[in-house]
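Reviewing the structure listed below.
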2 protein chains.
Amino acid sequence: MPITLDQLNAAPLAEAALLLDGLYEHSPWIAEQALKQRPFASLAALKHAMVRVLHEAGVEPQLALIRAHPELAGKAMVSQSLTAESTHEQTKAGLTHCTPEEFAHIQRLNADYNAKHGFPFILAVRGPRGTGLSKAEIIATFERRLHNPVDFERAECLRNIHRIAEIRLNDKFGFEPTLGNAVWDWHENLARHTDPGYAELGQLTVTYLTDAHRACAAQLQQQMLALGFDEAHIDAVGNVVGVYHAGPQPNAVRPELVEGLARASTSSARTDGSDSPATAKTLLTGSHYDTVRNGGKYDGRLGIFVPMACVQQLNQAGRRLPFAIEVVGFAEEEGQRYKATFLGSGALTGHFNPDWLDQQDADGITLRAAMQHAGLPATLDAIRALQRDPSKYLGFVEVHIEQGPVLNELDLPLGVVTSINASVRYLGEVIGMASHAGTTPMDRRRDAACAVAELALHAEQRAASDGDSVATVGMLQVPNGSINVVPGACQFSLDIRAPSDAQRDALAQDIVTQLQAICDRRGVRHTLEETMRAAAAPSAPAWQARWEAAVAALGVPLHRLPSGAGHDAMKLHELMPQAMLFVRGLNSGISHNPLESTTSDDMDLCVRAFAHLLEQLAAEHPN
Amino acid sequence: MPITLDQLNAAPLAEAALLLDGLYEHSPWIAEQALKQRPFASLAALKHAMVRVLHEAGVEPQLALIRAHPELAGKAMVSQSLTAESTHEQTKAGLTHCTPEEFAHIQRLNADYNAKHGFPFILAVRGPRGTGLSKAEIIATFERRLHNPVDFERAECLRNIHRIAEIRLNDKFGFEPTLGNAVWDWHENLARHTDPGYAELGQLTVTYLTDAHRACAAQLQQQMLALGFDEAHIDAVGNVVGVYHAGPQPNAVRPELVEGLARASTSSARTDGSDSPATAKTLLTGSHYDTVRNGGKYDGRLGIFVPMACVQQLNQAGRRLPFAIEVVGFAEEEGQRYKATFLGSGALTGHFNPDWLDQQDADGITLRAAMQHAGLPATLDAIRALQRDPSKYLGFVEVHIEQGPVLNELDLPLGVVTSINASVRYLGEVIGMASHAGTTPMDRRRDAACAVAELALHAEQRAASDGDSVATVGMLQVPNGSINVVPGACQFSLDIRAPSDAQRDALAQDIVTQLQAICDRRGVRHTLEETMRAAAAPSAPAWQARWEAAVAALGVPLHRLPSGAGHDAMKLHELMPQAMLFVRGLNSGISHNPLESTTSDDMDLCVRAFAHLLEQLAAEHPN
């Protein structure tokens, strides 16, 4: 018999603790302490309460918990469990039927891991979808995590322990993240398409207007129609545009859109249904379906599939909202095949550079030829016709995987974006004088590398004391450097981002001024070329507030954060109010990498948050 | 009528100033002020006095002097002079008969140079040998110096002005550096031999036992015999060994070895000549004749030719000293073809690694095969037989081009070495965690490059406050770095040198400890491999004192400095007392580079210093 949240909230403490028995190895105190915070509005709230209890307990209890897990050492362990999950859990994992070589390899990894970290390797072997990792995935993860710093790996073990507890809790409550599972599977299904040469490598690469790219567009279009969208077409730049029409509202308090959603703002819907769908405004949403080379499966695509899942729910319930929902799968955001980043969303804001049509890819194929090959009109008129009239839109919202470590470190599934950071990038070189490392006294050097070292540390320190700003020297090289030569030149890149244009400009100005001062003091010179500059896109307050209300309604602690990466919302920002919602990324939030990952549980929460935002809008905009 | 030093020293100030008229453009005050320091023991002393006067006058008079020189702009200038040297001087330079394209190029260089530096380009067009630079050399120098920092280039112009004055002074005094000219020409003559493939490029490369290398050995051997050495042979590792025997001393105060040498310690030679040459001890000297790839002409070879010039002088005078002089041209010091650095001098100290015989060069030729091809016995017995018995030697002295900027900056021709620095080298890597430069907050980064930046600056600061020590991060690279990725790894080299082993060890220990502290603080890890370690070779005090006396006797201000580079004397140090004398290098003392250069005037002083050291020894060791 599954437990219910009401049952847990109502039970005496000891009885409630019994209900949660077995979530954490030999550490029932975690659930017991969390239960003092009852009542919980959602399973997510309960989960996070336990995360906080362990976090605040400090390092020793955390290590004790990690060490309570059996080691992955030898055959006996393999036949039981990596992580002491139940037999049921174990059968979903892939560590059965190991060859003797694999056993020996795992034992060696285990010994090395223990020797380095001082605790056993913990992995939630049921994985992000709950259906189990393969043997190869488990071993690769072990190999990779062995090299992590010890403190990082301790935190990673705790995150895996919390993930195991999350799965156990779902089992206890008979909860399945069905919406999230569907969305997770849609990503897998779309990731079948990859550019020539990458399939053999098992890598995902979908660049603009390749066969794989067009297959993705066709599949998205078909899927939209199958899920209940009224229209779905591929536009003149390859965007997939699906529309779910507005409709008259029922003369009653609406049922909640999504089962399990906590209390939304209650409806104030009118009863007349007087506005026709044709005059209703539209909510615009979406993200991109192209990828970087050897990229992740969720970057962009999550922002298409989440609203698609909401439309599916609406359609299944036979419901219409007082506004239309337009979901766009943007064809191009990553600028991989052509240097035309944001081509897809830019077409909607009227920012298409005519010169782009003559730009060639690495094989010499122009953008125009690629468009024609894809059956697109490839004319400026057709592209310009895509520009949206903002008066017809309520605004733009975008869901995206975080692509950063913040939510993962906080063990939070969702985060509300405050602003897409402004950015500026430079490529530079300091030119000093190469000289003999043995014979040139310290006070007679013009060391180009030391000058750049000062710059890197200044940028780091200055950004760290500037709120949510960041500054990075990502490329750094002494060209043809020798062990016994004082560097005569040092090349570097500089990437600066801040929540507002003014903050970015002040930060960049300080760093560039400091570079000049460093060079003057050291008697060296420098070059500095600005290669990119993008304005900040602060979230529209009313729209950010809707996301915040949606997250709060799920019982998930609210965390606001800036977006350090650029997104399609940056472009739409030029035309209409926008706000974004981030979903936690596993593996430190790594992105542009096959390790990019998030769980179907997090996706489930995201779909429900999106649905809640729709309910809020419906309540605000009665037809 | 040439002026004499006695005449200058004796004349009233105004008259003496007239004698020196025209040395510096529109700046007679330089000579006038210097004359207040009369009497001068040598032309070198007078020259340096004028250098000091201008140095101490400060920047404004220096700029005025530089600007008093006509610009190298257009045909008119070309037909006159680059540097306003006399017509006689100009005819020796190569800027006549320029093509229109060359004129245009020079005018452009001139405009760019003036725009950047704010003063005209000054070059002593008669060059280091006094016979004139070629047109190509002048233009290449102009192009190169255009890019120097302004303050460096101001100093370089002053150095060229002093060189012009030096040549003018020689003309006034009817002085020709005949010994230095001969030694300079010997270098040119030996530099005809270069390894296959380098001749076409006009580059000097002489690596161990190549045809060019063997041609050098044969030429050195023949030249030694022609100059009056009693014996000269090529030994089992390819060293060229020339010996000038000891002999009975004349029953009188000896004439000075070299004309123009200031008063040496007077002789206390005995009259009996009882010690036979066979029982006399030997002074060992020399340096290497191999080169790095595309190297300079003077590195090593100067230390062979200078004592050869002294033996020539002795032989021409029919003189014998109470000790033999053994001049060795070491076959291998640079470790270019085989990793067997100091093979030549190491053979004399018994340090030949038997494994080296099986080492292969880039073409797969073993050292043994190369030796056999060169007609050498290639047996360990033959090589071990080269080991010297220190009881038969007085000690080892070595002359070498400085390979550093110190003497050039001080405008001093000679410097006495206090110690060959101890050294230790490392290759290392810091491993952090690569992450997105936009989405990773500053306080959650594990930036490998910033860690290495801290290391580089710490090493720089720590060495700068450690006397004559140096520390260098010469190689620095973020592998596959991207503008928008926080560096996950950073590779570096570390080269540390100090005057004593203890000082080196303390310095290295501090830097390595700091690296660990940096990594701990930043949550990153590192690898560090020691790739080389060499002990210090402090100069034997009595021998260093002899060099100091020799330099002082020339009227050259004494400057002591450590050797940051390794030299053959390091090896001989293990067997007998040693001390080195450095000769100024032009172009900031650059070495291992075709720009390596020194003047025949400096070489002349060096030959006379060496001769003075021989006289001191003769006085100390009467036969």
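The values are calculated or read from the model by the stated rules, or taken from the named source; none is laboratory data. None of these values were measured; they are calculated from a predicted model. Virtual Cβ from ideal backbone geometry, glycine too; neighbours counted across all protein chains shown. Remember, those area values only see protein heavy atoms, side chains included, never the ligands or the DNA or RNA. Shrake-Rupley method; radii C 1.70, N 1.55, O 1.52, S 1.80 Å.
May I ask you to order A:282-288, B:397-403, B:612-618 by the average number of other C-beta atoms within 10 Å around their residues, highest value first? Mind dumping the intermediate values first?
Numbers: A:282-288: 25.7, B:397-403: 27.4, B:612-618: 24.0.
The densest-packed peptide leads the list: B:397-403, A:282-288, B:612-618.
Kirkwood hydrodynamic radius (Cα pairs, Å) of the stretch A:5-173? Intermediate results must be reported in sequence, preceding the final value.
Details: mean 1/r = 0.0602 Å⁻¹.
With all distinct Cα pairs of the stretch A:5-173 included, I get 16.6 Å.
Relative to the Cα centre, what is the charge dipole magnitude of chain A, using +1 at the beta carbon of each Lys and Arg, -1 at the beta carbon of each Asp and Glu, and rounding to the nearest 20 debye?
Numbers: 52 positive and 72 negative charges, 82 e Å.
Roughly 400 debye for chain A.
Give me the number: length gained by fully extending residue B:116 to residue B:4, i.e. 0.36 nm times residue separation minus the C-alpha to C-alpha distance, one decimal in nm. Show your work: numbers first, answer last.
Details: separation 112, 0.36 × 112 = 40.32 nm, distance 4.24 nm.
This chain segment gains 36.1 nm when fully extended.
What is the average number of partner chain Cβ atoms found within 10 Å of a Cβ in B:484-492?
Details: counts 13, 6, 5, 6, 0, 0, 1, 2, 4.
The shielding value for this peptide is 4.
Compute, for the stretch A:5-173, the length of the dipole vector about the Cα centre, with Cβ point charges of +1 (Lys, Arg) and -1 (Asp, Glu) only. Units Debye, rounded to 20. Write down the numbers at each step before the final one.
Numbers: 19 positive and 20 negative charges, 52 e Å.
The calculated dipole for the stretch A:5-173 is roughly 260 debye.
Residue A:335 label points, 7 Å along Cα→Cβ, one per copy: pairwise distances from this copy to the rest in nm, shortest first?
Taking the point 7 Å beyond Cα along Cα→Cβ, the inter-copy spacings are 4.5 nm.
Okay, which of the stretch A:3-35 sit inside 17 Å, backbone N to the point 7 Å along the Cα-Cβ direction of residue A:64?
Residues A:22-34 fall inside that zone.
Return a whole-number percent for the relative contact order of the stretch A:5-173, with Cα pairs under 8 Å and 6 or more residues apart as the contact set. Provide the component values of the computation, followed by the final result.
Numbers: 179 pairs, mean separation 36.5, N = 169.
Dividing the mean separation by the residue count of the stretch A:5-173 yields 22 percent.
Starting from a label point 7 Å past Cα on the Cβ side, list the distances from residue A:99 to the same position in the other copies, nm, shortest first.
Distances between equivalent label points, in nm: 6.9.
In nm to one decimal, list the spacings between the residue A:351 label point and its equivalents in the other copies, with label points set 7 Å along Cα to Cβ, shortest first.
Reported distances to equivalent positions: 6.5 nm.
At R0 = 25 Å, how high is the FRET efficiency between residue A:41 and residue A:21 if r is their beta carbon distance? Nearest 0.05 is fine. Spell out each step's value before the answer.
Values: r = 23 Å, r/R0 = 0.90.
For R0 = 25 Å, the calculated efficiency reads 0.65.
Name the residues whose placed amide hydrogens come within less than 5 Å of the amide hydrogen of residue A:121, ignoring near sequence neighbours (fewer than 5 apart) on the same chain.
Close amide H contacts, sequence-distant or interchain: A:72.
Any chance you could get the radius of gyration and Dmax over the Cα atoms of chain A, in Å?
Cα radius of gyration and Dmax of chain A are 26.6, 90 Å respectively.
What is the set of long-range amide H partners of residue B:422 at a cut-off below 5 Å, with H atoms built 1.01 Å from backbone N?
When sequence neighbours closer than 5 places are left aside, the close amide H contacts are B:498, B:500, B:536, B:537.
Taking R0 as 41 Å, what FRET efficiency do you get between residue A:200 and residue B:294 from their Cβ-Cβ distance, rounded to the nearest 0.05?
Computed FRET efficiency for residue A:200 and residue B:294 comes out at 0.40.
For the charge dipole of chain B, defined by +1 on Lys and Arg C-beta atoms and -1 on Asp and Glu C-beta atoms about the Cα centroid, which residue among B:1, B:63, B:456 has the Cα displaced farthest towards the positive pole?
My answer, from the dipole projection, is B:63.
Measure up B:281/B:571; A:47/A:172; B:116/B:297; A:392/A:571; B:281/B:339; B:47/B:172 against 22 Å on the Cα-Cα distance and list the ones that go over.
B:116/B:297; B:281/B:339
Starting from the Cα-Cα distance between residue B:619 and residue B:379, subtract it from 0.36 nm times their residue separation and give me the gain in nm to one decimal. Before the final figure, lay out each step's value.
Working: separation 240, 0.36 × 240 = 86.40 nm, distance 4.14 nm.
The span from residue B:619 to residue B:379 would gain 82.3 nm if fully extended.
Distances longer than 44 Å among the Cα atoms of the protein assembly as shown: what percent of all pairs is that?
Details: 426260 of 775635 pairs.
The answer is 55 percent, as a whole percent.
Which value, in debye to the nearest 20, describes the size of the charge dipole of the protein assembly as shown about its Cα centre when Lys and Arg Cβ atoms bear +1, Asp and Glu Cβ atoms bear -1, and nothing else is charged? Mind dumping the intermediate values first?
Working: 104 positive and 144 negative charges, 145 e Å.
Result for the protein assembly as shown is approximately 700 debye, rounded to the nearest 20.
How far apart, in nm, are the 7 Å Cα→Cβ label points at residue B:144 and residue A:55?
6.1
Do any residues of the stretch A:581-616 show a loss of at least 30 square angstrom of accessible area between the isolated chain and the full protein assembly, using a 1.4 Å probe, and if so which?
none
For B:172, A:116, what's the largest-to-smallest order of accessible area, 1.4 Å probe? Before the final figure, lay out each step's value.
Working: B:172 50, A:116 75 Å².
Order by accessible area, largest first: A:116, B:172.
What 222 nm value per residue comes from the helices of chain B, counting each DSSP H run with n ≥ 4 as -39,500 (n - 2.57) and dividing by all residues, nearest 500 deg cm²/dmol? It would help to have the intermediate numbers written out before the result.
Numbers: 22 runs with 259 residues, N = 623.
Calculated at 222 nm, the ellipticity per residue is -13000 deg cm²/dmol.
Leaving out ligands, DNA and RNA, calculate the buried accessible area for the pair A and B with a 1.4 Å probe, summed over both sides, in Å² to the nearest 100.
Buried area (both sides, nearest 100 Å²): 4900 Å².
Could you name the residue in chain A with the C-beta closest to the rotation axis that superposes chain A on chain B, along with the separation in whole Å?
Its Cβ sits closest to the axis: A:453, 2.
Could you tell me which trypsin sites (Lys or Arg not before Pro) in the stretch A:17-73 are loop residues by DSSP with no more than 14 other beta carbons within 10 angstrom of their beta carbon? It would help to have the intermediate numbers written out before the result.
Details: sites: A:36, A:47, A:52, A:67; in loops: A:36.
Taking the stretch A:17-73 and a limit of 14 other Cβ atoms within 10 Å, the loop trypsin sites (Lys or Arg not before Pro) found are A:36.
Can you compute the radius of gyration and Dmax for the stretch B:423-534, using only the Cα atoms, both in Å?
Using the Cα atoms of the stretch B:423-534, the pair Rg, Dmax is 14.7, 49 Å.
Whenever you get a sec, compute what percent of the accessible area on chain A sits on carbon and sulfur atoms (1.4 Å probe). Let's see the in-between values first.
Values: 11980 of 23060 Å².
Carbon and sulfur atoms account for 52 percent of the accessible area of chain A.
Tell me, what is the per residue accessible area of chain B in Å², probe radius 1.4 Å? Present the calculation step by step, with values, prior to reporting the outcome.
Numbers: 23030 Å² over 623 residues.
Heavy-atom accessible area per residue stands at 37 Å².
Once you average over the residues of B:144-152, how many Cβ atoms of partner chains fall within 10 Å of each Cβ?
Taking all residues of B:144-152 together, the mean is 2.
Over the whole of B:445-452, what's the average partner chain Cβ count within 10 Å per residue? Rounded to a whole number, please.
Values: counts 5, 4, 5, 1, 11, 9, 0, 4.
Across B:445-452, the average partner-chain Cβ count within 10 Å equals 5.
Quick check: pseudo-label points 7 Å beyond the Cα along Cα→Cβ at residue B:226 and residue A:14, how many nm apart are they?
In this crude spin-label approximation the distance works out to 11.2 nm.
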